[in-house]
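Everything below concerns the one structure shown next.
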Amino acid sequence: MKGYQHHYKRKNIRLRRILLVLVLAGIVYIIARNAGKLFLFGSIRIEKLRAIEDILKKSDIEKDRMKKRILIQKAVKKLNDLVDDAQVPNARVLIMLGQSYLRKGLLEYNKDLRNMYLDKSIYYFRKALAVAGGKDLSGKIYYELAKAYFYKGEYYYFESLTELNKAKKLGFEDENMEKLIDFIKNKKGNINQISQLIQNFKESRPDSVENYFYLAYQLKDQKRYDESMEYFNKILEYFQTADVDSEEQKYILTKTYYAMGWLSFNMKRYDQALNFYNKSLELDESAMTYYWLGKVYESLNKIHQAKKMWKNALNINPNFNFAKNKLNKTSKRR
């Protein structure tokens, strides 16, 4: 009886081993048969990503704003298709999607749409961080996040600086990184929307209006007002012989007049300040410009005109507390 049981156990073990070998062989066979498909899928995805990168490069070169938008939207659609097809999100795809929405945001004039696209870019960069592997990739994502926050405006500069510091700690390097950190740390006052000053972080020619604009603001922040004024004057000289041929150039000219108004006010050249602020308003009605124009009139003891300017500021932005406070104080004087 014992011999029979021993024989039965040995036979049972042999059968189990055979079954295990067959199962393993079946798994190997299935993997071998589908390996081609898996590699093909990977190679197709790589090819698709390269094609999308080419589309984004074309959008960066393209000068026509509408054509830029069409190219970026095409890239966004293709990237969203890749995200939908993938069971596990790919960090590279998510980064490119974030970069695409960042580009879309920078092309928008409408503030609400701009912020919506920038928020989407932040969402996809955060998602990429969750699946990213390695310090290099994470450092790049933190840098992209910093740019997105920077372009959302000065109220997000702290978030931008936080992400930049994370990127630095991971050893990420970029030629424009220190420039951006320096710009945020030395930014003073409440001169709004300077984000386009270094839009796309591209170096400009030394004699270009973009470079003059950047240098002028640097000097202004260092309180080297006379030198700053010299560079702003160079911008005005340029536009005496050249037309404003893009929204970016219009922005530069508008902010140049605004900054020259601010500099003139701080140097107590009130008549010049009035002239520059009014020229800035001709190009773009801004609550902040009206506010400072009111301060100029207040310094000239023209309280009626000052109150009118602050009311204009509140018509544009009803929550503008600086203008509200000025109106309340001047009303109490009388």
Which of the aspartates and glutamates could a cross-linker bridge to residue 168, judged by Cα under 18 Å and excluding same-chain residues fewer than eight apart? 136, 144, 159, 178, 182
Can you tell me the dipole magnitude for segment 55-162 around its Cα centre, using point charges on the Cβ only (Lys, Arg +1; Asp, Glu -1), in Debye to the nearest 20? 400 debye
May I ask you to order 150-158, 103-111 by the average number of other C-beta atoms within 10 Å around their residues, highest value first? 150-158, 103-111
Charges only on Cβ, +1 for Lys and Arg, -1 for Asp and Glu: so what's the dipole of segment 198-333 about the Cα centre, in debye to the nearest 20? 1260 debye
From the cross-link list 57/179; 179/279; 147/268, which pairs have alpha carbons spaced over 28 Å apart? 179/279; 147/268
Rounded to the nearest 20 debye, what is the charge dipole size of segment 133-187 about its Cα centre when +1 sits on each Lys and Arg Cβ and -1 on each Asp and Glu Cβ? 160 debye
Taking θ = phi - 60°, what integer Hz values does the Karplus form 6.51 cos²θ - 1.76 cosθ + 1.60 yield along segment 155-162, in sequence order, with x for Gly and Pro? 6, 10, 4, 4, 4, 4, 5, 4
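None of the figures in this text is laboratory data; all of them are computed from the coordinates on show. This structure is a prediction, so every number in the text was calculated from the model and none was measured. Quick reminder, even Gly has a Cβ in these numbers, built from the backbone with ideal geometry, and neighbours come from all protein chains shown.
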